[in-house]
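Asker: Below you will find the structure I want to go over with you.
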Amino acid sequence: MTIKKFDHIGIAVEELELSLKKWAKVFNFNFSEIEILPSRGVRVAYLFPEEGPAIELISPFGEDSPVRKFLANRGEGIHHLCFQVKDLKKAMVELKEQGLSFLTDCPLPGAGGSQIVFVHPKVLNGVLIELKEKKEEEEKGEET
Ligand code: ZN
């Protein structure tokens, strides 16, 4: 399977608003609005360098948030890397053929109307990898 783009690096944080302000100020990054993804139990915001992957700050939303567990077990820090793919379902089939598994059976709603899935970190040296398929309109907009 082919990775289209190194999309972002996810960092788990306790205080999203404070962290967003701090990162934006220290590195003079442009940044997004905060988006709530209730079905995934997270709130996210993005910081954008001029080039290269974005930085995604993620903090828990609700009691059952997987990010709350991550923070409790490991503390703040790098949580995952995200690669963008053209066709998420196809990528999942191809990776399954290589013996990889996923944290969920089906893609989940991601930020900005994208579809995402997390690859089980066991076979990838303990690194949690998110695969993302961008919303179609967004992609067309980018190419024009
Ligand atoms: Zn992410």
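Asker: Consider residue 113 carefully, then state whether it is at positive phi, touching a residue at least 60 places away in the same chain (Cβ under 8 Å) and not aliphatic (A, V, I, L, M). Working first, answer last.
Answerer: Working: at positive phi: yes; touching a residue at least 60 places away in the same chain (Cβ under 8 Å): no; not aliphatic (A, V, I, L, M): yes.
It is false that residue 113 is at positive phi, touching a residue at least 60 places away in the same chain (Cβ under 8 Å) and not aliphatic (A, V, I, L, M).
Asker: Another question about this same structure. Taking the stretch 76-109 on its own, how many of its residues are of a type outside the set (A, V, I, L, M) and under 26 Å from residue 43 (Cβ atoms)? Before you say what the answer is, go through the steps one by one.
Answerer: Here is the first cut: in the stretch 76-109, the ones of a type outside the set (A, V, I, L, M) are 76-77, 79-80, 82-84, 86-87, 89-90, 94, 96-99, 101-102, 104-107, 109.
When the remaining residues are screened for being under 26 Å from residue 43 (Cβ atoms), the result is 76-77, 79-80, 82-84, 102, 104-107, 109.
Selection size over the stretch 76-109: 13.
Asker: Scan the stretch 92-125 for residues that are assigned to a strand (DSSP E or B) and modelled with pLDDT under 95 and jot them down.
Answerer: 108, 109
Asker: So, one more: State which residue is nearest to the ligand (Cβ to nearest atom) when the search covers only the stretch 84-115 and only residues that are surrounded by 14 or more Cβ atoms within 10 Å (Cβ to Cβ) and of a type in the set (A, V, I, L, M).
Answerer: Taking the candidates together, the pick is 111.
Asker: Could you list, in sequence order, all residues of the stretch 53-72 that are surrounded by fewer than 12 Cβ atoms within 10 Å (Cβ to Cβ) and at pLDDT 95 or above? Walk me through how you get there before you give the answer.
Answerer: Initial filter on the stretch 53-72 (surrounded by fewer than 12 Cβ atoms within 10 Å (Cβ to Cβ)): 63-64, 72.
Passing the criteria: only 72.
Asker: Could you tell me which residue of the stretch 134-144 is modelled with the highest pLDDT, considering only residues that are open to solvent by 60 Å² or more (accessible area, probe 1.4 Å) and not in a helix (DSSP H, G or I)?
Answerer: The extreme case among them is 135.
Asker: Look through 4, 21 and report the one residue that is open to solvent by 50 Å² or more (accessible area, probe 1.4 Å), within 16 Å of the ligand (Cβ to nearest atom) and out of contact with any Pro (no Cβ under 6 Å at 6 or more places or on another chain).
Answerer: When all the criteria are applied, what remains is 4.
The values are calculated or read from the model by the stated rules, or taken from the named source; none is laboratory data. As the structure is a computational prediction, the values presented were derived from the model and not from experiment. Every residue, glycine as well, gets a Cβ built from its backbone with ideal geometry; the counts of neighbours run over all protein chains shown. Please note that ligands, DNA and RNA were not included when accessible areas were found on the heavy atoms of the full protein model with its side chains. Shrake-Rupley method; radii C 1.70, N 1.55, O 1.52, S 1.80 Å.
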